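Working notes, beginning with the structure itself.
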Amino acid sequence: METWGLVLETTVGAGERKHVEAFVMAQVEGDKEAALAELERRARAYCPEHPRSPKRRRLFRHGDGFLLVINGAWQSYVTRFTLAELIEDSDRPQPPEAEDRASPDAEEAVQPFTAELAAPPVPPPPTMECDDDGIPVKPAWLGRADLP
C-alpha cells in the first residue's frame with residue numbers, strides 16, 4: 001500500500017522577512033485519488049495567517065497538487081499544496097516483509113541511522129554536599145573552568 005505525503009509550502013513572515021517554509025500536513029495511506037481528494041479538501045479549508053486583509057483568493061489545480069494565491073492590500077502570498085509519494089522515512093520502522101526480501105548482501109549494507117547510536121551517554125549528576133535544608137554547600141558554578 002502506498003503512503004502519500006500532503007506537503008504544504010507557504011509564505012511566512014512579512015516585508016523583508018517574508019520567506020517560504022515547507023511542512024508535511026499529513027500522511028495518507030491508500031490510492032492516489034483518495035490522497036488527492038484529501039489534499040484538495042485541506043487546500044480549500046486552509047486559512048493562512050497572511051495577508052491579514054485578503055482582497056482576492058484563487059485556488060488552482062496544478063499536476064498533483066494545488067496552488068493558492070491570495071492577494072492582500074500590499075502583497076500577494078502563495079501556498080503550494082503538493083501530493084508526494086513517501087519513498088523513505090528515517091523515523092518509520094521497516095515492515096517485516098521488507099526484511100524478508102533483503103538480498104544476502106544486505107548485511108554488508110550501511111546500517112540506518114538510529115537515535116540510540118547518535119545520543120551520547122548522559123553522565124550521572126555529581127553528588128553534592130548539602131546542608132540540613134537540602135541546599136548545596138558549594139554552588140554548582142564555583143570552580144567551573146568553562147565560565148569567564
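The values are calculated or read from the model by the stated rules, or taken from the named source; none is laboratory data. Just so it is clear, the model here is predicted, and its values are computed rather than measured. Only protein heavy atoms, including side chains, enter the accessible area calculation; ligands, DNA and RNA are left aside. Shrake-Rupley method; radii C 1.70, N 1.55, O 1.52, S 1.80 Å.
Report the accessible area of ILE87, computed with a 1.4 Å probe over the heavy atoms of all protein chains in place, in Å² rounded to the nearest 10.
It works out to around 140 Å².
For region 10-88, report the accessible area per residue in Å² (1.4 Å probe, heavy atoms, rounded to an integer).
69 Å²
What list of ³J(HN,Hα) couplings, whole Hz, do you get for region 9-19 from phi and the Karplus terms 6.51, -1.76, 1.60, once you set θ to phi - 60° and write x for glycine and proline?
With coefficients 6.51, -1.76 and 1.60, one gets 10, 9, 7, 10, x, 8, x, 6, 8, 5, 8 Hz.
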